[in-house]
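So the structure is just underneath, and the comments pick up after that.
The values are calculated or read from the model by the stated rules, or taken from the named source; none is laboratory data. Note that this is a predicted model, so its numbers are computed, not measured. For neighbour counting, all protein chains shown are included, and Cβ atoms are generated from backbone atoms with ideal geometry for every residue, glycine included.
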Amino acid sequence: MSDPAPTFLVRHQFLIYRLFSLAGLVPVGAFLVVHLLTNASVLAGPGVFQSRVDMIHALGPLLVPIEVLFIFLPMLFHAAVGFLIIANGLSNVGSYPYVGNVRYTLQRATGMIAFVFIIGHVIHLHWLGSAFGGGRFDPHEASSSAAVAIQPPLATALYAIGVLCAVFHFANGLWTMGITWGLWTSPAAMRRANAISVAFGVLLAAAGLGALGGLQGLRGEKLEAARAIEANMERERTSRELLLRGAQKHSAAPLPAAAMAGSKPGE
């Protein structure tokens, strides 16, 4: 009796695993870095954080397709392949020739926790979660709306766990990605890469936890002051948009008939 034909996953394992690894770096990992650093700007004040959020939302109608194509879809692909690896759908032994079982297990566990956290985070704060009673983040009131949303101690604790798991999964994944792509193959090179990954993870975790601490500090008078800053920035933003629309209308308006009649040919 002949052996069954290999599945699609087995036949294309090399390509699928490298796409999985690449997606974890760009765009998923790159987005994580930008997202946490943007959130950490709240430590410089509500006005600074609001200006960063305004820069992102200045993309206007392009923001949604960018989120879908360059964040959500790659993230879903990375998660789907990751769960297949965890379920032994794809072999991954060759990628960890020197890693201990604890680190191997933590990479998978933090990936699963981070995936659940991201779903909860999107429902809780992103506008997509509005249909489920979430969508608590208001881009025009960035600091105050985020601060109110995570004020409950349980919410802060869950966010801290989610951020730490996401950062560990990414930082440790940088090390394993280098093995997958053959960037470091000797034990000495792996140790150097490991030290860089650890330092990077610590700094990124500090940014993520710092953002949580900064938002937790917005209570009482500080929260009201943040709302006042946001309201003032919203008024300024609306004024600029009205002026811009007025200038565009004026430039697009046809010349008056008298001006056209008074002009000479060739002028």
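Criterion first (over 23 Å from the mean Cα position of the chain (by Cα) and within 22 Å of Ala147 (Cβ to Cβ)) does Ala231 satisfy it? Quick ask: steps written out before the conclusion?
On the way: over 23 Å from the mean Cα position of the chain (by Cα): yes; within 22 Å of Ala147 (Cβ to Cβ): yes.
In short, yes.
Do you know which residues across segment 149-173 are crowded, with 18+ Cβ neighbours inside 10 Å, in a helix (DSSP H, G or I) and among the hydrophobic types (A, V, I, L, M, F, W, C)?
Narrowing segment 149-173 to residues crowded, with 18+ Cβ neighbours inside 10 Å: 149-150, 159, 162-173.
If we keep only those that are in a helix (DSSP H, G or I) as well, we get 149, 159, 162-173.
Answer for segment 149-173, where residues must be crowded, with 18+ Cβ neighbours inside 10 Å, in a helix (DSSP H, G or I) and among the hydrophobic types (A, V, I, L, M, F, W, C): Ala149, Val163, Leu164, Cys165, Ala166, Val167, Phe168, Phe170, Ala171.
Quick one: in segment 225-247, which of the residues that are among the charged types (D, E, K, R) and under 15 Å from Val53 (Cβ atoms) is modelled with the lowest pLDDT? Reasoning before the result, please.
Residues of segment 225-247 that are among the charged types (D, E, K, R), as a first pass: 227, 230, 234-237, 240-241, 245.
Imposing the further condition that a residue be under 15 Å from Val53 (Cβ atoms) reduces the set to 227, 230, 234, 236-237.
On the way: Arg227: 98, Glu230: 98, Glu234: 96, Glu236: 94, Arg237: 91.
The selected residue is Arg237.
If a residue has to be among the charged types (D, E, K, R), assigned to a helix (DSSP H, G or I) and in contact (Cβ under 8 Å) with a residue 24 or more places away in the chain to count, how many in segment 218-235 make the cut?
First, the residues of segment 218-235 that are among the charged types (D, E, K, R): 219, 221-222, 224, 227, 230, 234-235.
Pick out the ones that are also assigned to a helix (DSSP H, G or I) and you get 221-222, 224, 227, 230, 234-235.
The next check asks that each one be in contact (Cβ under 8 Å) with a residue 24 or more places away in the chain; those that pass are 227, 230, 234.
Residues flagged as among the charged types (D, E, K, R), assigned to a helix (DSSP H, G or I) and in contact (Cβ under 8 Å) with a residue 24 or more places away in the chain within segment 218-235 amount to 3.
Can you pull out every residue in segment 134-148 that is more than 15 Å from His124 (Cα to Cα) and either surrounded by fewer than 18 Cβ atoms within 10 Å (Cβ to Cβ) or of a type in the set (Val, Ile, Thr) (or both)?
Within segment 134-148, just His140 meets the criteria.
Could you check Gly135 against (1) touching a residue at least 24 places away in the same chain (Cβ under 8 Å); (2) in a loop (DSSP other than H, G, I, E, B) and say which number it fails?
Just one mismatch for Gly135, condition (1).
Of all residues in segment 164-195 being of a type in the set (Val, Ile, Thr) and modelled with pLDDT under 95, which is farthest from Ile118 (Cα to Cα)? Steps first, please.
Residues of segment 164-195 that are of a type in the set (Val, Ile, Thr), as a first pass: 167, 176, 179-180, 185.
Now narrow it down to the ones that are modelled with pLDDT under 95: 176, 179-180, 185.
Values: Thr176: 22, Ile179: 27, Thr180: 25, Thr185: 33 Å.
Checking each candidate, the answer is Thr185.
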